[in-house]
1. For the Cα atoms of the chain, what angle does the longest principal axis make with the long axis of helix 71-89, in degrees from 0 to 90, nearest 10?
2. What number comes out for the charge environment of GLU69, summing +1 per Lys or Arg and -1 per Asp or Glu over other residues with Cβ under 13 Å away?
3. Could you state the angle between the C-alpha long axis of helix 6-19 and the longest principal axis of the C-alpha atoms of the chain, as a value from 0 to 90 degrees rounded to the nearest 10?
4. Can you count the Lys pairs in the chain with C-alpha separation below 21 Å, eight or more apart or on different chains?
5. When the label point is put 7 Å from the Cα of GLU4 along its Cα-to-beta-carbon vector, which residues of segment 47-72 have a backbone N closer than 17 Å?
6. Net charge near LYS79, counting Lys/Arg +1 and Asp/Glu -1 over other residues with Cβ under 15 Å of its Cβ?
7. Kindly provide the chymotrypsin sites (Phe, Trp or Tyr not before Pro) of segment 1-57 that DSSP labels as loop, not H, G, I, E or B, and whose Cβ sees at most 10 other Cβ atoms within 10 Å.
8. When N is the residue count of the chain, what does its C-alpha Rg come to as a fraction of 2.2 N^0.38 Å?
Amino acid sequence: MKKETPNIDYMLSLARDYIEGNGNPLTFELDYGYELEKRYDAMVKEDRRVAELIFDHLVREGSDYATSESGDALRARIKRQYEYVMSVSRRRS
């Protein structure tokens, strides 16, 4: 059975992996931005509201801070934003 939201699920899994301690802030910022740019149109087709939540909270209020916050502070920020996206979108991780 084909997943309904593979691009959204992938972006959420990248954030979850970072929260769990994988990667460093700069790599996360670069990879997350690249993957979002590549997948955003498909994400909007899957679920516009969740795509916009990911952009607003995991990028604008999350990964964009990678160069100005320490690894622990950024990880905490990403975790807060991820939890917010998950609670508002009612998605299962």
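Each reported figure results from applying straightforward, stated rules to the coordinates on display, with no laboratory input. Values in this document were obtained by computation on a predicted structure and should not be read as measured data. FYI the Cβ positions are ideal-geometry reconstructions off the backbone, even for glycines, and counts take in every protein chain you see.
1. 20 degrees
2. Around GLU69, the surrounding residues sum to 0.
3. So the helix axis and the longest Cα principal axis differ by about 20 degrees.
4. Close lysine pairs found across the chain: 4.
5. 47-52
6. Residues near LYS79 contribute -2 overall.
7. none
8. That ratio works out to 1.00.
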